[in-house]
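The values are calculated or read from the model by the stated rules, or taken from the named source; none is laboratory data. Everything quoted here is computed from the prediction, not taken from an experiment. Virtual Cβ from ideal backbone geometry, glycine too; neighbours counted across all protein chains shown. Just so you know, the surface numbers come from the protein's heavy atoms only, side chains and all, with ligands and any DNA or RNA stripped out. Shrake-Rupley method; radii C 1.70, N 1.55, O 1.52, S 1.80 Å.
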Amino acid sequence: MIHIDLKDKNILLTGASNGIGKAVADFLMKMGANVAVHYNINKASAENLIATNKNTMSKTFKADLSNEKEVYKFFNDVRDSFKRIDVIILNAGVFLPHSTTIDTEGWYSTWKKTIDINLNAVGLLTKLGIDHFKSNKGGRFVYIGSRAVFRGETEEYLGYAASKGGIVSLARSVARSFGKHNIKSFILSPGFTRTQMAENFIAAYGEQKVLDEISLNELTTPQDLAPLIGMMCSGLMDHATGATIDVNAGSHIR
């Protein structure tokens, strides 16, 4: 395993109880970080992460990111508990289908929910993070984007693609605007990754359909992403601030 020293770093990580977030949280804690493990529903999974990584001062925090008041409370609770936040990883998101063939009211309802969780909550946590980082003379953001930003998505995921496009533009703007405040910003852009959401797709359409879209012989896993995010948190990639790192098994090369 790559060793990246994150000892004494306090990291806020949204969507940490499942999928990519869970693997990243586990990796960061094994590298010595204190992680604010965010969850909304899967409390048991979040608590199990803490239980299996007793070498840190990590804690769990519950919040519904579609609820503005809960986003404020979540950030304030993490800040008050850890006193200082060094890195904010904005990973939580939803991938909700809303085909244009359904009625417009239903389509727009899903659009709004997607934007609330995937972009509005990210924007609010970014503003809160900028204020906190300024007072602490620096910090880092890591935004989880998507290949959909650059490749486009299928018609039933327009809201998802739009939300991830907004995140990438936000992350780049943060890097340009706040570098002199010692604030760095990175984007990791995964493709199809073997998570529970992916397993549901595979169950419906078959693994071969996914393999036919990529250049490698195996799907990307959350563990493939975690070391890169660890490097972004560590300071080893600071001069790549504003950059987007593609990890999509060669399914979209730009």
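For the list (1) open to solvent by 30 Å² or more (accessible area, probe 1.4 Å); (2) out of contact with any Asp or Glu (no Cβ under 9 Å at 6 or more places or on another chain), I need the number of the one condition that Thr60 fails.
Among (1) open to solvent by 30 Å² or more (accessible area, probe 1.4 Å); (2) out of contact with any Asp or Glu (no Cβ under 9 Å at 6 or more places or on another chain), the lone unmet condition for Thr60 is (2).
How many of the residues in segment 59-82 are in contact (Cβ under 8 Å) with a residue 12 or more places away in the chain and not in a helix (DSSP H, G or I)?
Number of matching residues: 8.
Look through segment 170-192, keep the residues that are within 14 Å of the chain's Cα centre (by Cα) and either among the basic types (Lys, Arg) or not in a strand (DSSP E or B) (or both), and return whichever of them is surrounded by the most Cβ atoms within 10 Å (Cβ to Cβ).
My answer is Ala171.
Matching residues to (1) on the phi < 0 side of the Ramachandran plot; (2) in contact with a strand residue (DSSP E or B) (Cβ under 8 Å, 6 or more places away or on another chain); (3) not polar (S, T, N, Q):
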site	(1), (2), (3)
Lys112	yes, no, yes
Asp116	yes, no, yes
Val122	yes, yes, yes
Ile130	yes, yes, yes
Lys134	yes, yes, yes
Arg140	yes, yes, yes
Gly152	no, no, yes
Glu156	yes, no, yes
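Restricting to segment 113-131, give me the number of residues that are of a type in the set (D, E, K, R) and either outside any helix (DSSP H, G or I) or surrounded by 14 or more Cβ atoms within 10 Å (Cβ to Cβ) (or both).
2
Looking only at segment 237-253, which residues are part of a loop (DSSP other than H, G, I, E, B) and within 15 Å of Val168 (Cβ to Cβ)?
Those that are part of a loop (DSSP other than H, G, I, E, B) and within 15 Å of Val168 (Cβ to Cβ): Thr241, Gly242, Ala243, Asn248, His252.
Do we have Lys134 as open to solvent by 70 Å² or more (accessible area, probe 1.4 Å), closer than 29 Å to Met237 by Cα and out of contact with any helix residue (DSSP H, G or I) (no Cβ under 9 Å at 6 or more places or on another chain) here?
no
Here are the criteria: (1) touching a strand residue (DSSP E or B) at 6+ places or on another chain (Cβ under 7 Å); (2) hydroxyl-bearing (Ser, Thr, Tyr); (3) over 16 Å from Val78 (Cα atoms). Tell me which single one Tyr39 does not satisfy.
Looking at each condition in turn, Tyr39 falls short on (3).
For segment 229-244, check the following and say yes or no: at least one residue is out of contact with any His (no Cβ under 7 Å at 6 or more places or on another chain), modelled with pLDDT of 95 or more, aliphatic (A, V, I, L, M) and more than 30 Å from Ile85 (Cβ to Cβ).
Among the residues of segment 229-244, not one is out of contact with any His (no Cβ under 7 Å at 6 or more places or on another chain), modelled with pLDDT of 95 or more, aliphatic (A, V, I, L, M) and more than 30 Å from Ile85 (Cβ to Cβ), which makes the answer no.
Check Ser99, Ser109 and return the single one that is without any contact (Cβ under 8 Å) to a residue 60 or more places away in the chain and either part of a helix (DSSP H, G or I) or within 19 Å of Gln223 (Cα to Cα) (or both).
Ser109
Given (1) of a type in the set (Ser, Thr, Tyr); (2) out of contact with any helix residue (DSSP H, G or I) (no Cβ under 6 Å at 6 or more places or on another chain); (3) closer than 15 Å to Thr126 by Cα, identify the lone condition not met by Ser185.
(2)
Might you check whether a residue that is among the small types (Gly, Ala, Ser), open to solvent by 40 Å² or more (accessible area, probe 1.4 Å), closer than 30 Å to Ser135 by Cβ and not in a loop (DSSP other than H, G, I, E, B) occurs anywhere in segment 157-169?
Taking every residue of segment 157-169 in turn, at least one turns out to be among the small types (Gly, Ala, Ser), open to solvent by 40 Å² or more (accessible area, probe 1.4 Å), closer than 30 Å to Ser135 by Cβ and not in a loop (DSSP other than H, G, I, E, B).
May I ask you to say which residue of Ala23, Ala92 is at pLDDT 95 or above, within 26 Å of Gly235 (Cβ to Cβ) and in contact with a Pro (Cβ under 8 Å, 6 or more places away or on another chain)?
Ala23
If I ask for residues that are more than 17 Å from Val142 (Cα to Cα) and either in contact (Cβ under 8 Å) with a residue 40 or more places away in the chain or of a type in the set (Asp, Glu) (or both), which ones from segment 18-30 would you list?
Asn18
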